[in-house]
Amino acid sequence: MERSRYLDWPEEYAAKLMTPAEAAQLVRPGDTVVIPIGAITPNLCAALWERREELHDVDVLACAPFVDPGWYEPGHPAFRTHVELFNTAVARASMVRGATDFVSIPFSRRFKGEDERGGGRFAVDVVFIGVSPPDRFGYCSFGTSVWNKGSYARRARTVLAEVFAGYPRTGGDNRIHVSEIAAFVEGGELPPVRAARESNPFHPAMAGYVNELLRHGDTLQIGTGLSTLPLARAGAFDGLVDLGVHSEVSIPGLNELVAKGVITGARKTVNPGKFVATALSATTEWDLEFIHENPVYELRDVAYTNDIQVIAAHENMAAINNAMTIDLTGQVAAESIGPAMWSGPGGQLEFVIGAMYAKGGRSITLLPAAAKDGTVSRIVAEHPPGTVVTVPRQFVDYVVTEYGVARLFGKSDRERAEELIAVAHPDHRAELRRALRRS
């Protein structure tokens, strides 16, 4: 590393500090602008939208879109919009209209096309990221989430960064140097928080069933979703010791388990003693203070956290994920309602397969037995036409509802159906049994 990179970065940073409008001028007609998951950049997005009359043929590729400055609404000829891997309410209506396309790809192999095949469909020209102010060496932190921001930044022509003073710093891949960024704009102390979603009530019994399937020393992966987010505070890990974490994301309450010595990583076979994820849950001031510069935490690029070979190298890996529906053969749908994309696959399949190949590994799928006050069964005889299957039936292991645990692995189709009917909502079991007899 050149000596000037350490010493001259303050002047470089000052020269690159711009208004959002000035930074948005660095986007050219025909560019692909990428907003990675976890990149909260409302000021940059608004400034780019303000240029809509002077731009054309700009592709906006977002993962889990956070804000809509206007390009998900009808009538924006300058922009083409795409959502990669995770959809949200921000873009859902646009996707239903057919104005926004969904892009599905293995999360850990996002850049295989660019790196091995001479170019990907959505090669990045400009990337928007959120960062902390520089440290004394000129490095900015990505805050509580890395995902693939660094990977995009290394491949982009132009990196634009929105700066948030309250972003914490952790170990791992969680940094980018001032010299790698073309422009900085002020974002404030902390980025805005996504509005809370309405949800079905969480059934505490599910946490108890998960607890029964876990062992001391397990390494956990926990996906994000309405059934998994409450698990830690609902007692799913009570009584367990020396748990480890190798996950895409974390959930509320895990930081408290680190502080209490429940999560130690002492028995991990990969990165022992480290809490490894690509994104951390930090919903309180205490969370932010606890993870800031805490050597236990390592935030790694999703290409590492979601690599099936890395996951499988963890003995006693327990992958815990959500489903929207599951059919009687065990096919898990976690991203669409019929053909309408609701969420996305994220890294669920990678962790399910990795856990299945891990020595002592298990995969646990959670879903409430029914929706809409019990009137609609989430365990179905068949998925509606067009439903995207997220996890094929041969990889589905344990399925948990508030009524118990269905153990599917290695069983016949009829046995699997009977296991699932036994944990379905009581009001729907008779119809599911009739459907099974007709099959």
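The values are calculated or read from the model by the stated rules, or taken from the named source; none is laboratory data. Because the structure is predicted, anything quoted here is derived from the model rather than measured. Glycine gets a Cβ as well: all are built from the backbone with ideal geometry, and neighbour counts include every protein chain shown. Heads up: the accessible areas ignore ligands, DNA and RNA and are worked out on the full protein's heavy atoms, side chains in. Shrake-Rupley method; radii C 1.70, N 1.55, O 1.52, S 1.80 Å.
Brief remarks on what is shown
- Unmet requirement for ARG136, which otherwise passes all of (1) in contact with an Asp or Glu (Cβ under 9 Å, 6 or more places away or on another chain); (2) assigned to a loop (DSSP other than H, G, I, E, B): (1)
- With respect to the conditions (1) on the phi > 0 side of the Ramachandran plot; (2) touching a Lys or Arg at 6+ places or on another chain (Cβ under 8 Å); (3) open to solvent by less than 20 Å² (accessible area, probe 1.4 Å), GLY235 lacks only one, and its number is (2).
- Where helices (runs of 4 or more DSSP H) fall wholly inside region 271-371, the ranges with 3 or more residues that are farther than 22 Å from LEU257 by Cα are 302-305, 308-312, 348-357.
Results for (1) at pLDDT 95 or above; (2) more than 20 Å from the chain's Cα centre (by Cα); (3) open to solvent by 20 Å² or more (accessible area, probe 1.4 Å), shown as yes or no for each residue.
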| position | (1), (2), (3) |
| --- | --- |
| GLU315 | yes, yes, yes |
| PRO345 | no, no, yes |
| LEU367 | yes, no, no |
| THR401 | yes, yes, no |
| LEU408 | yes, yes, no |
| ALA417 | yes, yes, no |
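- Some residue of region 190-208 being open to solvent by less than 60 Å² (accessible area, probe 1.4 Å), farther than 30 Å from VAL127 by Cα, modelled with pLDDT of 90 or more and more than 24 Å from the chain's Cα centre (by Cα): yes
- Residue check, TYR13 touching a residue at least 24 places away in the same chain (Cβ under 8 Å) and open to solvent by less than 20 Å² (accessible area, probe 1.4 Å): no
- The number of residues in region 113-171 that are at positive phi, at pLDDT 95 or above and not aromatic (Phe, Trp, Tyr) comes to 2.
- Only one of the listed residues (ALA91, ALA64) is crowded, with 20+ Cβ neighbours inside 10 Å and at positive phi. That residue is ALA64.
- Taken over region 258-302, the criterion of being of a type in the set (Gly, Ala, Ser) and farther than 22 Å from LEU240 by Cα is satisfied by ALA279, ALA282.
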